[in-house]
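Here is the structure we will look at, set down as structure tokens.
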Amino acid sequence: MLGPASDYSRIASRYDSTRDLPKEHLIACYARLVERGLMPNRGAILDAGCGTGQVSLPLVEQGYDVHGIDIAAKMIEIARTKVQPGGRAHYAVGDVRDIALHAGSIDAVVVSKLFQHIEDWKGVCRELIRVVRPGACIIQINERGAFGNAVRRYFARRADELGFAGRYLGLNPHGEAELRAHMKAEGCDAIPFDASDLRWTTSISYGEALGRLLEKLYAEFWYLPEAVHRQLIAETSAWIETHPEGRATIDRLTPYLVVEVFRTPR
């Protein structure tokens, strides 16, 4: 029996407006991957845990045949609406732990913020290795620093102090070493790839950041007891009001891409 996984259907309508991942940086990242032979310049790409298609739609526009799967039906509905006429995209509801594709039928896999939201993330890795052709790559693309605003940091720190650390169902999002160790055990080679120069700037007010926590837009906090969540909201709101500009305080961030590449056994 499959274990728990976070279903983003409840926040599908707010997902794209609260996730900042510039298309031009993705395109630049993919170009570098192709140049280094870590992605084909055409072919079948699996976007595992595709959500609304943010990560893979630039590939569709460049002529790739993209297969995207996600357990969240409402996220899939949004992804489908964004595909331009003629785009070879196949976004479907599915479980990344049991992918309806033949072994070795995919030329590369892309994932983003996937392993942290599935309890059996190691099983997901094995399934991704199964469907990709031997010697092809599994590519994890995440943004670092986009969500680390001061309000969320305060909220998370207080959750830690109350004994609610380890809030993700699966892999800690900063658990790169654990992921590399597991992929090595599965016979994959980690390929160094630095995309940290692909940076951008963004800003958020303390009031907007608090509002996103109130709306429960981040799965990290979904599993807190409701009473604890309410307490943390109250404490965070009070903390915000200690600042001279209160909720109008602006936090400026400089996120950047973090890319991990794993070449599967030949």
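The values are calculated or read from the model by the stated rules, or taken from the named source; none is laboratory data. Quick caveat, the model's predicted, so the values are computed rather than measured. Glycine also receives a Cβ, built like all others from the backbone with ideal geometry; neighbour counts cover every protein chain displayed.
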Given the condition in a strand (DSSP E or B), surrounded by fewer than 17 Cβ atoms within 10 Å (Cβ to Cβ), among the basic types (Lys, Arg) and touching a strand residue (DSSP E or B) at 6+ places or on another chain (Cβ under 9 Å), answer yes or no: does some residue in the stretch 231-250 qualify?
no
Which one of Leu101, Leu162 is modelled with pLDDT of 95 or more, touching a helix residue (DSSP H, G or I) at 6+ places or on another chain (Cβ under 9 Å), surrounded by fewer than 18 Cβ atoms within 10 Å (Cβ to Cβ) and within 30 Å of Gly211 (Cα to Cα)?
Leu162
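Residues to consider are Ile118, Ile141; find the one that is surrounded by 17 or more Cβ atoms within 10 Å (Cβ to Cβ), modelled with pLDDT of 95 or more and either within 24 Å of Gly43 (Cβ to Cβ) or of a type in the set (Phe, Trp, Tyr) (or both).
Details: Ile118 fails: either within 24 Å of Gly43 (Cβ to Cβ) or of a type in the set (Phe, Trp, Tyr) (or both).
Step by step, each of Ile118, Ile141 is checked, and only Ile141 is surrounded by 17 or more Cβ atoms within 10 Å (Cβ to Cβ), modelled with pLDDT of 95 or more and either within 24 Å of Gly43 (Cβ to Cβ) or of a type in the set (Phe, Trp, Tyr) (or both).
Going by the conditions given, is Ala108 in contact (Cβ under 8 Å) with a residue 12 or more places away in the chain, part of a strand (DSSP E or B) and surrounded by 19 or more Cβ atoms within 10 Å (Cβ to Cβ)?
Taking the combined requirement at face value, the residue satisfies it.
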Taking Ala195 as the residue in question, decide whether it is in a strand (DSSP E or B), surrounded by 15 or more Cβ atoms within 10 Å (Cβ to Cβ), of a type in the set (A, V, I, L, M, F, W, C) and modelled with pLDDT of 95 or more.
no
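In the stretch 3-61, which residue that is of a type in the set (Asp, Glu) and exposed (fewer than 15 other Cβ atoms within 10 Å of the Cβ) is nearest to Ile106 (Cα to Cα)? If you could, list the steps in order and put the result at the bottom.
To start, the set of residues in the stretch 3-61 that are of a type in the set (Asp, Glu) comprises 7, 16, 20, 24, 35, 47, 61.
Now drop any that are not exposed (fewer than 15 other Cβ atoms within 10 Å of the Cβ), which leaves 24, 35.
Details: Glu24: 25, Glu35: 19 Å.
So, considering only residues that are of a type in the set (Asp, Glu) and exposed (fewer than 15 other Cβ atoms within 10 Å of the Cβ), the one nearest to Ile106 (Cα to Cα) is Glu35.
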